[in-house]
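Working notes, beginning with the structure itself.
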Amino acid sequence: TVTEGPAISVDDTDTLFCINRKFAALESIFNLVTRDCSFSEMIQQVIDVSVEQVKSETGSFIEIDYQKNIMFFRSVSGRSSPQSKNLLSISIPRGQGVVGFVCENQQTMALSRVDETSIYLSKISDSVGFETNNLIAVPVIIRGVTFGCIELLNRVGEEKYTDADKEVLAAISKYSAKVIENRLNMAALAQTKEEKQAA
């Protein structure tokens, strides 16, 4: 006779589908290490992968400029309004809005409705003619310091961003940070080499 064991509850974050999404995302991210592209093109690929693996209407990579004490849009991606490229010329005072909170506190935030919090800056979406229903934002942290934030808007196929989405985006953020750090280190070494040659 076969004795049945206890029923096993499988969390959404542990499903094979979630694992496959993580694997596909990380494979795309690590491929950036050997790609011959500019820094901005690399960040664009990070956002493209994020929007694709965590199905969203649009997404953006917000970077922190610590010298100017602002946050700015490094890249945008997805099905957004024709004016969305205008985001690339917009800056936000550091610490403001959802992305400011996420960056300052180094924690993920997901909103099933953007009116759930007073810190959401609706004027940014309004300025480019885009209606935001829900969002998820995750910090990109390099050696304990927040480099920026990945923000996705309007989950496609779901009413809100799920726990699995958080897991996938967290993985993208973690390994994107490693790729970005590697690129920054290479740029610093190249600059040092040029300075020595010029001396």
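Worth a mention:
- At full extension, Glu41 and Lys123 could sit 26.8 nm farther apart than now, given 0.36 nm per residue minus the alpha carbon distance.
- Set of lysines with alpha-carbon distance to Lys22 below 26 Å, sequence-local pairs under 8 removed: Lys55, Lys160, Lys166, Lys174, Lys178
- Taking the chain and dividing mean pair separation by its residue count, relative contact order in percent (alpha carbons under 8 Å, at least six apart): 23 percent
- Using the Karplus relation 6.51 cos²θ - 1.76 cosθ + 1.60 with θ = phi - 60°, the per-residue 3J(HN,Hα) values for region 187-196 come to 5, 5, 5, 5, 5, 4, 5, 5, 5, 5 Hz, with x marking Gly and Pro.
- Per residue, in Å², the accessible surface of the chain once ligands and nucleic acids are set aside, probe 1.4 Å: 57 Å²
- On Cα atoms only, tilt of 39-53 relative to the major axis of the chain in degrees: 10 degrees
- Within the chain, helix-based [θ] at 222 nm, where runs of 4 or more DSSP H residues each add -39,500 (n - 2.57), nearest 500: -13500 deg cm²/dmol
- Taking the 1.4 Å solvent-accessible surface of region 42-184 as the whole, the part contributed by carbon and sulfur is 44%.
- Residue among Leu169, Leu16, Leu111 with the largest mean-square fluctuation in a Gaussian network model of the chain, springs linking Cα atoms under 10 Å: Leu16
- FRET efficiency for the pair Glu159 and Asn86, taken as 1/(1 + (r/R0)^6) with r the Cβ-Cβ distance and R0 = 41 Å, rounds to 0.90.
The values are calculated or read from the model by the stated rules, or taken from the named source; none is laboratory data. Everything quoted here is computed from the prediction, not taken from an experiment. Every residue, glycine as well, gets a Cβ built from its backbone with ideal geometry; the counts of neighbours run over all protein chains shown. Side chains included, ligands, DNA and RNA excluded: accessible areas come from the protein's heavy atoms. Shrake-Rupley method; radii C 1.70, N 1.55, O 1.52, S 1.80 Å.
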